[in-house]
Amino acid sequence: MDKKQIDWGNLGFAYMPTDERYVSNFKDGAWDEGTMTTDANVTISECAGVLQYAQTVFEGLKAYTTEDGRTVTFRPDLNASRLKASAERLEMAAFPEDRFIDAIKKLVKANEAYVPPYGSGATLYIRPYIFGTNAVIGVKPADEYQFRAFCTPVGPYFKGGAKPITLRVCDFDRAAPHGTGHIKAGLNYAMSLHAIVTAHQEGYDENMYLDSATRTKVEETGGANILFVTKDNTVVTPKSDTILPSITRRSLVYVAEHYLGLKVEEREVLFEEVKDMAECGLCGTAAVISPVGKIVDHGKEICIPSGMDEMGPVIQKLYDTLTGIQMGRIEAPEGWIVEI
């Protein structure tokens, strides 16, 4: 298929409409068969559950062109299961996991001309989501829902390479101990917007959230899990019931252990340990790993030894290996790569 005439090398990380998107509606206790549509607009009641009580959950994944020219997605089964868990937590109709995979395949196939070519540094970002559509005025779950999935070509999250960023230890809480921090709900991101805006105003790139119960343990940032590397090259990721189970983080942990032969620890991480870490990074779909060079705790700077100029050596190896798997340069574990 001929690709669209797009300046792939200069794409930003922003929305660009593509030709088709997938839509399925839940009504009278069942999902309809679903369809592709060219209409990018959503029409719902002014009293829709999503507008009144924030009943919406979403996912994010990517499609790539591999080195040998195939179009693939990365571990969509994990996105399917996480979306199901998110929907169930908010008493929403969960979209069946097998149909999720089928919808993603149809979506990417219909928009294959927008999948950036190999070596361009760009990818096709995919956004599946579910939201309450019928009128709900009393506080209760909606009865009707819509599942949609659209895609948009995006450039690399960091233009000119992933330069280390600076985090601020945030005074706000990201999630309550028995709240919704472990699911990918729109409401979690809404509450983080004020914190990220003020962080940017103060010159920081992101917020580091501590656990809200004791404020002594590292949790995550507003949009990514955190990964540390100790001075003896052990990869450490914080463990908590209020942390979103990042697919990128889980993949990096597997790569660290099975591809690079590194020791891995998934455990509670006390904030007082951070000053002794050799490397730090943020894990997410958009950038894979964003290196962290400095963490500021109310004026006190914690400078990560890997510095502010480039990724640390272990995080660089993790990044190179995982992106190599995604792009087909390195053999993937079974089931990780789904060809369109």
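The values are calculated or read from the model by the stated rules, or taken from the named source; none is laboratory data. Bear in mind the structure is a predicted one, so any value in this text is a computation, not a measurement. Cβ coordinates were reconstructed from backbone atoms using ideal geometry, including for glycine residues, and neighbour counts include every protein chain displayed. Just the protein is used for accessible areas: all its heavy atoms, side chains included, with ligands, DNA and RNA removed. Shrake-Rupley method; radii C 1.70, N 1.55, O 1.52, S 1.80 Å.
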When residue 307 is run through (1) under 30 Å from residue 155 (Cα atoms); (2) within 17 Å of the chain's Cα centre (by Cα), the failure sits at (2)
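Return the residue satisfying two criteria in turn: it lies in the stretch 278-293 and is outside any strand (DSSP E or B) and over 22 Å from residue 203 (Cβ atoms), and of such residues it is nearest to the chain's Cα centre (by Cα). Step through it out loud before you land on a result.
We begin by selecting, within the stretch 278-293, every residue outside any strand (DSSP E or B); these are 278, 285-287.
If we keep only those that are over 22 Å from residue 203 (Cβ atoms) as well, we get 278, 285.
Values: 278: 25, 285: 4 Å.
The qualifying residue nearest to the chain's Cα centre (by Cα) is 285.
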Count of the stretch 66-124 residues which are over 23 Å from residue 38 (Cα atoms) and of a type in the set (D, E, K, R): 12
Looking at this structure, is residue 296 aliphatic (A, V, I, L, M) and part of a helix (DSSP H, G or I)? no
Assess whether residue 198 counts as being in contact with a Phe, Trp or Tyr (Cβ under 8 Å, 6 or more places away or on another chain) and β-branched (Val, Ile, Thr). no
Just need a number here: residues in the stretch 120-149 that are out of contact with any Pro (no Cβ under 8 Å at 6 or more places or on another chain) and either within 28 Å of residue 219 (Cβ to Cβ) or among the hydrophobic types (A, V, I, L, M, F, W, C) (or both). 12
How about the stretch 299-310: which of its residues are assigned to a loop (DSSP other than H, G, I, E, B) and closer than 20 Å to residue 235 by Cβ? 304, 305, 306, 307, 310
Spans of helices (runs of 4 or more DSSP H) in the stretch 167-273 with at least 1 residues in contact with a helix residue (DSSP H, G or I) (Cβ under 7 Å, 6 or more places away or on another chain) and open to solvent by less than 30 Å² (accessible area, probe 1.4 Å): 247-254
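Could you list all residues from the stretch 47-100 that are in a loop (DSSP other than H, G, I, E, B) and more than 30 Å from residue 137 (Cβ to Cβ)? Walk me through how you get there before you give the answer.
Going residue by residue through the stretch 47-100, those that are in a loop (DSSP other than H, G, I, E, B) are 47, 54-55, 59-60, 66-70, 75, 90-96.
Answer for the stretch 47-100, where residues must be in a loop (DSSP other than H, G, I, E, B) and more than 30 Å from residue 137 (Cβ to Cβ): 60, 66, 67, 68, 69, 70, 75.
If I go through the stretch 76-100 residue by residue, how many of them are open to solvent by 40 Å² or more (accessible area, probe 1.4 Å) and in contact (Cβ under 8 Å) with a residue 60 or more places away in the chain? Let's see the steps before the verdict.
From the stretch 76-100, those open to solvent by 40 Å² or more (accessible area, probe 1.4 Å) are 77, 81, 84-85, 88-89, 91, 96-99; that's our starting set.
Imposing the further condition that a residue be in contact (Cβ under 8 Å) with a residue 60 or more places away in the chain reduces the set to 77, 85, 89, 96, 99.
Residues in the stretch 76-100 being open to solvent by 40 Å² or more (accessible area, probe 1.4 Å) and in contact (Cβ under 8 Å) with a residue 60 or more places away in the chain: 5 in total.
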With the first residue restricted to the stretch 19-45 and required to be more than 19 Å from residue 109 (Cβ to Cβ) and aromatic (Phe, Trp, Tyr), and the second required to be at pLDDT 95 or above and not in a loop (DSSP other than H, G, I, E, B), Cβ contacts under 8 Å at 6 or more apart or on different chains are 26/145; 26/146; 26/147; 31/24; 31/25; 31/99; 31/147
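Can you find a residue that is in contact (Cβ under 8 Å) with a residue 12 or more places away in the chain, open to solvent by less than 50 Å² (accessible area, probe 1.4 Å), within 10 Å of residue 338 (Cα to Cα) and aliphatic (A, V, I, L, M) anywhere in the stretch 60-67?
Yes, because at least one residue in the stretch 60-67 is in contact (Cβ under 8 Å) with a residue 12 or more places away in the chain, open to solvent by less than 50 Å² (accessible area, probe 1.4 Å), within 10 Å of residue 338 (Cα to Cα) and aliphatic (A, V, I, L, M).
Give me the residue from the stretch 101-131 that is part of a loop (DSSP other than H, G, I, E, B) and open to solvent by 40 Å² or more (accessible area, probe 1.4 Å) and, out of that set, farthest from residue 81 (Cα to Cα). Break it down into steps so the answer makes sense when it comes.
From the stretch 101-131, those part of a loop (DSSP other than H, G, I, E, B) are 111, 115-122; that's our starting set.
Imposing the further condition that a residue be open to solvent by 40 Å² or more (accessible area, probe 1.4 Å) reduces the set to 117-119, 121.
On the way: 117: 29, 118: 29, 119: 31, 121: 28 Å.
Top of the filtered list is 119.
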